[in-house]
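What follows is one structure encoded as structure tokens, with my remarks underneath.
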Amino acid sequence: MKLLSIKALESVLFKGGNERLVRELRKQRTWTLVENPKTHHEGVCLLVRLLLRSGLITPEIIQSLLPWVNSPSENHRVTSTAFLAQLMSDPMLREKKFLKPVLHILEEKSQSRNSIVRQMAVRGLGNLVYGAPEKLKKHKKFLMVILIRALSDPFSSEVIGESMKAVAKVLKELKEKDIGSSFRDLTQEIRTYFDNEDDALRLWSFVLFGILARLTKRKWKGYFTEQECRATFHLCVPFLGLKRLQTAVNEHLDGTAELKPEELQVDICRHL
């Protein structure tokens with residue numbers, strides 16, 4: 001059925017005078033991605049991106065797909081959420097008054113039992129940066145709550161990685177004062193991935209920490225410096241090969257208790 005639908009869509013595009021678009025879809029292996037259940041959501045995002053570029057996504061198409069997000073069919077839920085995730089990067093959503101309902105849908109789907117639906121919901125929220133940048137500060141608190149929650153997704157590293165990418169996009173458009181109390185939660189959550197076995201998550205955690213470092217000006221400078229100190233010691237101490245020293249350092253740095261540099265220095269010197 002999916003193959004027949006793909007052939008039908010390609011035929012419609014071709015007959016509608018979109019030969020160049022059809023060639024681009026084939027060149028980027030869009031149909032192959034769409035057909036494979038493991039990459040279907042990425043294929044849908046790519047398809048929507050190219051259709052938007054060609055001006056072929058209409059308000060009527062959006063309206064007809066919105067009910068799919070609550071379909072009994074898991075395939076329909078995945079497809080529609082991926083569709084909306086990519087749509088969030090286009091100004092049409094704001095211009096046609098779809099932004100508010102789609103934001104509500106993505107918030108709801110960010111807690112779906114399906115990990116791909118959660119991943120696509122998080123991607124869509126991050127894409128607000130492109131589709132409606134002027135609305136970013138208005139929705140910043142709402143966005144940060146959802147994205148920070150997704151950073152600790154218990155079942156999917158893909159959701160965590162997607163959240164890290166979304167947070168990076170959002171932070172680049174904000175200032176320290178815009179983040180508010182989320183700064184502390186975000187910093188602590190990111191630190192947990194510094195020694196993660198997943199290379200991609202480790203990389204993104206350092207990218208995010210670097211972005212936070214550039215954002216830090218006044219209010220959170222002392223706190224962020226302390227977190228850097230904790231993180232640096234945690235990463236470096238194991239390479240010293242001194243188990244007693246590592247234990248002592250961990251006693252000072254684990255958790256969120258206030259760091260006492262003088263006591264830490266005394267313990268380090270004694271063990272060295």
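The numbers here are math on the coordinates, done by the rules we state, and not lab data. Here the structure is a predicted model, which is why all the values come from computation and not from measurement. Cβ coordinates were reconstructed from backbone atoms using ideal geometry, including for glycine residues, and neighbour counts include every protein chain displayed.
Taking 0.36 nm per residue of separation and subtracting the Cα-Cα distance, full extension of the segment from ALA168 to GLU134 would add 10.5 nm. For the peptides 121-129, 154-162, the ranking by mean Cβ contacts within 10 Å, running from highest to lowest, is 121-129, 154-162.
Based on C-alpha pairs under 8 angstrom that are at least 6 apart in sequence, region 73-157 has a relative contact order of 35 percent.
Highest mean packing comes first when the peptides 70-76, 103-109 are listed by Cβ atoms within 10 Å, giving 103-109, 70-76.
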